[in-house]
There are 2 protein chains.
Amino acid sequence: MQTDLSKQLGVEAPIFAFTHCRDVVVEVSRAGGIGVLGAVGFSVEQLREELDWIDAHIGDHIYGVDTAIPQKYEGMDSSTPEELVALIESAIPQRHREFAEGLLSNAGVPAWPDANDPISLSFSIQQAQALVDEALTRPKCRMIVNALGTPPAEIIEQVHEAGRLIGALAGRIKHGLAHKEAGLDFVVCQGSEGGGHAGEVTSMVLWPQMVDAVAPLPVLAAGGIANGRQMLAAMSMGVQGVWMGSRWLISTEAQAEPGQRESYKAATSEDTVRSRSFTGKTARMLKNEWTEAWERDDTPDPLPMPMQGYLTFDALRRTHRYASVGDCQKVAFNPVGQVVGQMNDEQSCRDIMFQLLTEYADALEQVNTLSLQE
Amino acid sequence: MQTDLSKQLGVEAPIFAFTHCRDVVVEVSRAGGIGVLGAVGFSVEQLREELDWIDAHIGDHIYGVDTAIPQKYEGMDSSTPEELVALIESAIPQRHREFAEGLLSNAGVPAWPDANDPISLSFSIQQAQALVDEALTRPKCRMIVNALGTPPAEIIEQVHEAGRLIGALAGRIKHGLAHKEAGLDFVVCQGSEGGGHAGEVTSMVLWPQMVDAVAPLPVLAAGGIANGRQMLAAMSMGVQGVWMGSRWLISTEAQAEPGQRESYKAATSEDTVRSRSFTGKTARMLKNEWTEAWERDDTPDPLPMPMQGYLTFDALRRTHRYASVGDCQKVAFNPVGQVVGQMNDEQSCRDIMFQLLTEYADALEQVNTLSLQE
């Protein structure tokens, strides 16, 4: 099964796997899709290490890199990362720091071992530029995706000059139109059921409107896809591929602490919430005591991005590292879409890919049968 | 195009049109689908009048009737409607009454002409029973649908003995399972993007899970369908038909005040909200000053059902009748799904049906073409 975009990329199936795990990138690409490494929060050294491994294991297949190239933060003009950090630090009230730390301590989450480890400013333009530079040195990295708005014109030009494709996420029609205007090659359109940052309009309603709005630019469908029937549903609405993130989180190749993996396996589709409590922007994640604590009337409100993300950087790394310790899952950051309710069994990425394509073909045969009936 | 359910009903296409307008019922059924008259809030006399008209105009086609057959209200045991009204009246604080009236007056919505007109208790079991009795006297009424939970066993038995089908809405898997357990003939499964009462899980995620959960019971897909691509997407996930409500609201045959019609035409998919401000249960509608006013910290919270619906009965009838007067649209009840953003042109129901089926066929051809490509 092919679309113009999958043919352009030279992959067998238009299935894009967003993941933070290099093993998943490799396995999906080797199974005919295209793995996209989510590199937000990586240092250049980390990215280099991951891409070295991927390049060594992926064979002749290709992959992509997803990062977060921010617009300027309002009222935060600064020429260096250090200045930006100082601005952010000064904008975080002490009450917020104490509240966040209290939630972690109450849940018995151990402190980070080295208090001198720096807080990485994931969402700076300098950081993103360095990651893009590194990715573009890799011939098998065929696409860059921006998770956070339209990338700056210089980066679009740089990616194009390197002969790669560049796209970006969009949860609203106006963002898709801005991407098209800026000259991007495709739009990843995510409905509100998706994990991580997403808007309010659901995939069923958003995808066909986005396809029409940005045509002939290709649209990838994100949010709500974890099986072959959902993939066919997406393709029915005119997209050129599917972008899946959640489904790989419990694949056998995914690197996750058992505590987090069990949280995903146990959750139903009703157990997620859209919350600003981790990044400062509304993102979908598993509900827990942390997300509920930031909602209450008698507690601090989440700060805007980038302050809230800076404030919760410590919560993120600690709940990730100590995911299976004490009551850590009560306050852990577990971003995932509503399809989490469909994720109960651990399977290899190859099996997931095979099931997707088999169920897709079966579902297509089924709807074709309906049409033949009078 | 046919499914087992559409064949059982003897209609040409499995398109179910939920509407409060008798003309829409007739036109959709005559065009090969099946019109379903939403009778919640109707008196028996009103329903009789509407069904007389439908029977006289629908020819040999069939239709359905949708009503709200409630479970008992917790802590509200009462043997007569009068007793229930007295209980409800006593549970509505004066502050709520004044707040609601203030919003209406500020928007310049005229008072209801006859203060002696009774407030209809739409959601009583007695009222629902009377509507079902009336509907079952009509040979062309082939199905009863309950908008509010699993109907009582006596009503299910009554409908079956009359040789008709009975189904019910479900926005959560557990509700679908309860419907199956009770012996219903089908489940109308509505995702969170749908208009009116809906749960939190979106159609993309909810439909395939419901299909699997209640199999082999037929599922109708509701929420997010207004064009043929969306219909194909739904059918791809294994449902036996599509249930559409919003799309008909601006059809030429729909009876609506120009003010309300214009509100629907002007709205984008981002202009709806899930709010408890009218019925007391979360329902999707157009955002306006009314829905926002009930959200604020310094205003009363919406009461539970049935109190809030009783309290807002006057707001409903006044904003419906005077939809085009003054600033009425700022406080009007305009229930609709997120597909409202796709509804810009007024078309006849027959044209809408034709477009649905044509676009469905085109989209199916398109996905079949993708599969042939290597």
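Structure notes:
- Extension reserve of the A:A111-A:V325 stretch, reckoned as 0.36 nm per residue once the Cα distance is removed: 75.9 nm
- Normalised convex hull volume, segment A:196-278, alpha-carbon set, Å³ per residue: 130
- Dmax and Rg, reported as Rg then Dmax, of chain B (C-alpha, Å): 20.2, 72
- Pairwise Lys count, chain A - Cα closer than 26 Å, eight or more residues apart or different chains: 13
- Inter-copy spacing of B:P216 label points, which lie 7 Å from Cα along Cα→Cβ, given in nm from shortest upward: 4.7
- Acute angle (nearest 10 degrees) that the helix A:94-106 long axis makes with the longest principal axis of chain A, alpha-carbon atoms: 70
- Cα-based helix-to-principal-axis angle, B:44-57 vs chain B, degrees rounded to 10: 30
- For segment B:109-116, putting each phi into the Karplus relation 6.51 cos²θ - 1.76 cosθ + 1.60 with θ = phi - 60° gives couplings of 7, x, 5, 5, x, 10, 5, 8 Hz, in residue order, rounded to whole numbers and with x for Gly and Pro.
- Taking a sphere under 13 Å around the Cβ of B:C141 and counting the other residues whose Cβ falls inside, with K and R at +1 and D and E at -1, yields a net charge of 0.
- Taking a Cβ cut-off of under 11 Å around B:L47, the surrounding Lys, Arg, Asp and Glu residues balance to a net charge of -3, with basic ones at +1 and acidic ones at -1.
- A Förster radius of 22 Å, combined with the Cβ-Cβ distance separating A:I119 from A:D55, puts the computed FRET efficiency at roughly 0.15.
- Average other protein chain Cβ within 10 Å of Cβ, residues B:364-370: 5
- Note on the protein assembly as shown: antiparallel DSSP beta bridges, both residues inside, total approximately 20 percent of the bridges counted.
- Segment B:294-331 and segment B:154-179: distance between their alpha carbon centers, rounded to Å: 31
- Cut-off 14 Å between beta-carbons: net charge of the residues surrounding B:R276, Lys and Arg +1, Asp and Glu -1: +1
- Average projection area in nm² (convex hull over Cα atoms of segment A:152-197, one quarter of hull surface): 3.4
- Under a Gaussian network description of chain A, with springs only between Cα atoms under 10 Å, the residue in A:A128, A:A332, A:A293 that fluctuates furthest is A:A293.
- If the segment from A:E83 to A:K174 were pulled out straight at 0.36 nm per residue, it would be longer than the present Cα-Cα gap by 29.6 nm.
- Label distances, nm, B:H320 versus same residue in remaining copies, Cβ-directed 7 Å point: 5.4
- In segment A:10-56, the ratio of gyration radius to Kirkwood radius, Rg to Rh, stands at 0.99 when only Cα atoms are counted.
- Whole-number D in µm²/s for segment B:187-340 (Stokes-Einstein; Kirkwood sum over Cα pairs; 10 °C, 1.306 mPa s): 97
- Computed from Cα atoms, the angle from the helix B:349-372 axis to the main principal axis of chain B rounds to 50 degrees.
- Value at 222 nm in deg cm²/dmol, rounded to 500, when DSSP H runs of n ≥ 4 in chain B each add -39,500 (n - 2.57): -12500 deg cm²/dmol
- Relative contact order of chain A, pairs being alpha-carbon contacts under 8 Å that are 6 or more residues apart, as %: 18
- With Rh defined as the Kirkwood radius, the inverse of the mean 1/r over Cα pairs, the Rg/Rh of segment B:1-99 is 1.16.
- Calculated P(r) of the protein assembly as shown - Cα pairs past 43 Å, %: 30
- Mean Cα-pair separation over length for segment A:128-186, i.e. relative contact order, pairs under 8 Å, 6 or more apart, %: 33
Quick note: the coordinates plus some simple rules give every number you see, no bench work behind them. Model, not experiment: these values are computed from the prediction. Positions of Cβ are generated from backbone atoms using ideal geometry, with glycine treated the same way; all protein chains shown enter the neighbour counts.
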